[in-house]
Amino acid sequence: MTTPESGIIVPVKRSATLRQTVGYVIGDALDRAADGDVAVVHFVSVASWRAEDPGSDRERQRAVDLLEQVETWAGFELDEADTDSDTVTIETAVIGDTDYLFSPEDYADLLTEYAEQHGLGRVVVDPEYSLVGHTTLVEPLEFELAQRDLAIEEAPVDRPTRRGRLVSRTTPARFLTLFGTSMLFYQVLGGFSGLFDLVTGVATALIVATTLSSVSFYRDPTLRESPKRVLRGVIYVPYLLYEIVVSNLVVARVILDPRLDIDPRLTKVRVFVGSGFPLTTLANSITLTPGTLTVKADDQELYVHSLVPFAREGLFDGALERWVRFVFYGREAARFPSPRDRGDTEVLQDPGVDEPANGEPEAVADGGVDCSGDDTQEGDQ
Amino acid sequence: MITTVRIGLIAVFVALGLFFTFVSATGVIRLPDVFSRAHTASQADTLGAGFALAAVALTIGWGPTAVKTVLLLFFIFVTNPTAAHAIARAAYEEGVEPWTKGDERR
């Protein structure tokens, strides 16, 4: 007979570790089946929309597609295990499309209710599971679930390196660097005006360093590298300003032109800078330069909306990318082919017939293929 | 003599600041969709605010307050693209199709 313990509920959402989570869950269910239980696994997609909302059909379709994908994966796993396929029962469902869900509490209530209805006693959570959008909110969800009668477990998966935990442990180097920076900032604001400011500054900097040093750094600042980076960053600023002014003039001309001669396109560029701070710097620099706007950063792939061809060309020439590489990795790293030469550019919305296509289609044709070998070369910096 | 140059420079900076802010406002009105508006709303504004702050710094003269205006500028440079990105990404994730040449104006 089915004991409640043997039923597993798995909330799914598209994530980098979902595949591994499915693998783990099925493996676990098979183990239980081998012990004589009939194992049941329910994969549920919690709706972030309401069925009455306009446009919800597409959302639902997406959820259903994902569940189908999960079922296929689960099927692979079962085939691989080479056991009777009926020892493990797989179900999928879309739930929660009648209410708006706001908090982790709502999600937990819904999952618990579903689990009770189907006699499931255990939740396995994908560590990269996100409730809304792309914010990882697994901890609060797990906390809420733990308040209820469900056994909870986080699937042991290899996290992709691109996104570590936001909070890491603090180290003396991080603490001191943050302390020094906040102290300096405080003194600048106060105009270096004597003992009182010094004492309050130390107090403030201590608070800042204690509370924030575990979230402010990806890795330890070092005496050898960090000052150089700051210095190169200072060199970068005038160049960035120059770029901003030039493209601003171009964009201003276009906007003030009565014909409003714009040609917006969404483009995708694969960039080679380390994830985390370097990527943020690059994405923000691109956004800061008029005419290009980073819409989405998907690992190393930047979705950039460009307003005019001039800005698009500039983006594909990759000057900003080279500068960011220079700032973070030094002069050697700045000698790097442009995204156009690498074939890492793609115009997502095809140029219309009325416009000659600036040689971009060729870039599209071999885009992303010939460079797959370079993927590992840069790695995570 | 120095003061004249300085006042002149201040006037030029204020005028440039006004110009770019004006361009930004015009862009928000004229451009067709949320993505292209996000361009101009944040970016032209960055330069507008930048020149205005430069004028402020010049008016005040060298001192702690001028340093603070530079810091202000720095924070604008960090926050502005972040906000623009947030808006654009929100639109993208909602499934808003970017406007292309030949589409109807929305």
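Values quoted throughout were computed directly from the atomic coordinates according to the rules given, and no laboratory measurement underlies them. None of the values given here were measured: they were computed from a predicted structure. Here Cβ is always computed from backbone atoms with ideal geometry, including for glycine, and neighbour counts include all displayed protein chains.
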Whole-number D in µm²/s for the range A:172-212 (Stokes-Einstein; Kirkwood sum over Cα pairs; 20 °C, 1.002 mPa s): 216 µm²/s
Vicinal HN-Hα couplings computed from phi for the range A:68-76 (Karplus, 6.51 cos²θ - 1.76 cosθ + 1.60; Hz; Gly/Pro x): 4, 4, 4, 4, 4, 4, 4, x, 3
Average beta carbon contacts from partner chains per residue of B:63-71, 10 Å cutoff: 2
Greater than 27 Å apart at Cα, pairs in A:Lys268/B:Lys101; A:Lys228/A:Lys268; A:Lys13/B:Lys101; A:Lys13/A:Lys268: A:Lys228/A:Lys268; A:Lys13/B:Lys101
Ranked packing of B:37-43, A:277-283, most packed first, by mean Cβ within 10 Å: B:37-43, A:277-283
Averaged over A:249-256, number of beta-carbon atoms from partner chains that fall within 10 Å: 6
Relative contact order computed over chain B (Cα-Cα under 8 Å; 6+ residues apart), in percent: 31 percent
Furthest towards positive pole of dipole, B:Thr65, B:Pro98, B:Ala88, structure part chain B, Cβ charges: B:Thr65
Cα gyration tensor shape of the range B:34-87, rounded if a/c is under 1.5, else prolate or oblate by comparing a/b with b/c: oblate
Residue of B:Gly48, B:Gly27, B:Gly17 that the Gaussian network model of chain B assigns the largest fluctuation, springs spanning Cα pairs under 10 Å: B:Gly27
FRET efficiency estimate (nearest 0.05) - Cβ-Cβ, A:Gln147 to A:Val188, R0 51 angstrom: 0.65
Kyte-Doolittle mean at least 1.0 and Cα axial length at least 20 Å: DSSP H helices in chain B: B:2-30
Gyration tensor verdict on the range B:2-93 (Cα atoms; rounded if a/c is under 1.5, prolate if a/b is larger than b/c, oblate otherwise): oblate
